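Just below is one structure, and these are the notes that go with it.
The values are calculated or read from the model by the stated rules, or taken from the named source; none is laboratory data. A quick note: this is a predicted structure, and the numbers were derived from the prediction, not measured. Glycine gets a Cβ as well: all are built from the backbone with ideal geometry, and neighbour counts include every protein chain shown.
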Amino acid sequence: MKKSILLLACVFFSCLLLAQEPVKQREIGLAFRNLHEFGLTFKTGNDKSLWRFNSLYLSGDDMNHIADNNDDESNRVGFEVNIGREYRKKATEKLELRYGADISFSYAYSKSLYTGKMGTGITRLREQTDYHSGINFVLGLNYLINEHLVLGVEILPNFSYISGTSKETIQSPVNNYEVKREISGFSYGLSNRSVLLSLVYRF
């Protein structure tokens, strides 16, 4: 009898401890910024806190403008990676509050080439490389569409350090020269790029 009571007590306390553990969950989906910068988001943890991994692809372009007296060619490419931690609190049956922070890094490269015609013979090449590293604070909401589909919105007040280089090369029949510059500085605050939308599948 004593053994049975002891066994029942052990089972009861084990069930109680398991009931108090946060529910494990993972999320994967798409993240959007400004409706033209997008990427992937993955989160893993439990219903109280999760690790965040966001990979955002910055808008890139490759354009040519051809005229009678000159040609203009430009292209731009880049990416952004954010890794952080977020915590959640249930507000209503369908809404969750979110807060936390990310470490962020982004890279961008741009190039423009101007070629003169009509006997001018002037060629101007501009290249610039930028690196941004910093921290984003996370404040947001989740709306639970159903058990697995979640729509999220968050604002990301940020602080970042900017570094990079720029180079301008000009060639003409009378003169050739090259100018290089170092880029450095800080940025902080909120802008339209500080709002992130996400649509994720929870499992």
**Report entry** Filter pass, Tyr177 being aromatic (Phe, Trp, Tyr), over 23 Å from the mean Cα position of the chain (by Cα) and surrounded by 15 or more Cβ atoms within 10 Å (Cβ to Cβ)
**Finding:** no
Report summary line: Apart from one, (1) among the hydrophobic types (A, V, I, L, M, F, W, C); (2) more than 28 Å from Tyr188 (Cα to Cα); (3) at pLDDT below 90; (4) not in a loop (DSSP other than H, G, I, E, B) all hold for Met118; the odd one out is (4)
Query raised in the report: Going through region 164-191 one residue at a time, which ones are aromatic (Phe, Trp, Tyr) and either farther than 13 Å from Arg124 by Cβ or touching a Cys at 6+ places or on another chain (Cβ under 9 Å) (or both)?
Result: Phe186, Tyr188
Requested in this report: Considering each residue of region 133-167, count those that are within 14 Å of Gly29 (Cβ to Cβ) and in contact with a His (Cβ under 7 Å, 6 or more places away or on another chain), and give that number.
Outcome: 0
Report task. Taking the residues in region 140-156 that are surrounded by fewer than 13 Cβ atoms within 10 Å (Cβ to Cβ) and touching a residue at least 12 places away in the same chain (Cβ under 8 Å) as candidates, determine which candidate is nearest to the chain's Cα centre (by Cα). Result -> His148
Query - Residue in region 180-203 that is farthest from the chain's Cα centre (by Cα), counting only those that are basic (Lys, Arg) and over 30 Å from Glu27 (Cα atoms) - result: Lys180
Query raised in the report: How about region 26-40: which of its residues are assigned to a strand (DSSP E or B) and either of a type outside the set (Lys, Arg) or without any contact (Cβ under 8 Å) to a residue 60 or more places away in the chain (or both)?
Result: Glu27, Ile28, Gly29, Leu30, Ala31, Phe32, Glu37, Phe38, Gly39, Leu40
Report summary line: Among strands (runs of 3 or more DSSP E) entirely within region 43-110, at least 2 residues that are at pLDDT 95 or above and among the basic types (Lys, Arg) occur in 70-90
Query raised in the report: Looking at Gly164, is it in contact with a strand residue (DSSP E or B) (Cβ under 8 Å, 6 or more places away or on another chain), closer than 26 Å to Val77 by Cα and either surrounded by 13 or more Cβ atoms within 10 Å (Cβ to Cβ) or at pLDDT 90 or above (or both)?
Result: yes
Requested in this report: Answer yes or no as to whether Glu127 is modelled with pLDDT of 95 or more and of a type in the set (Asp, Glu).
Outcome: yes
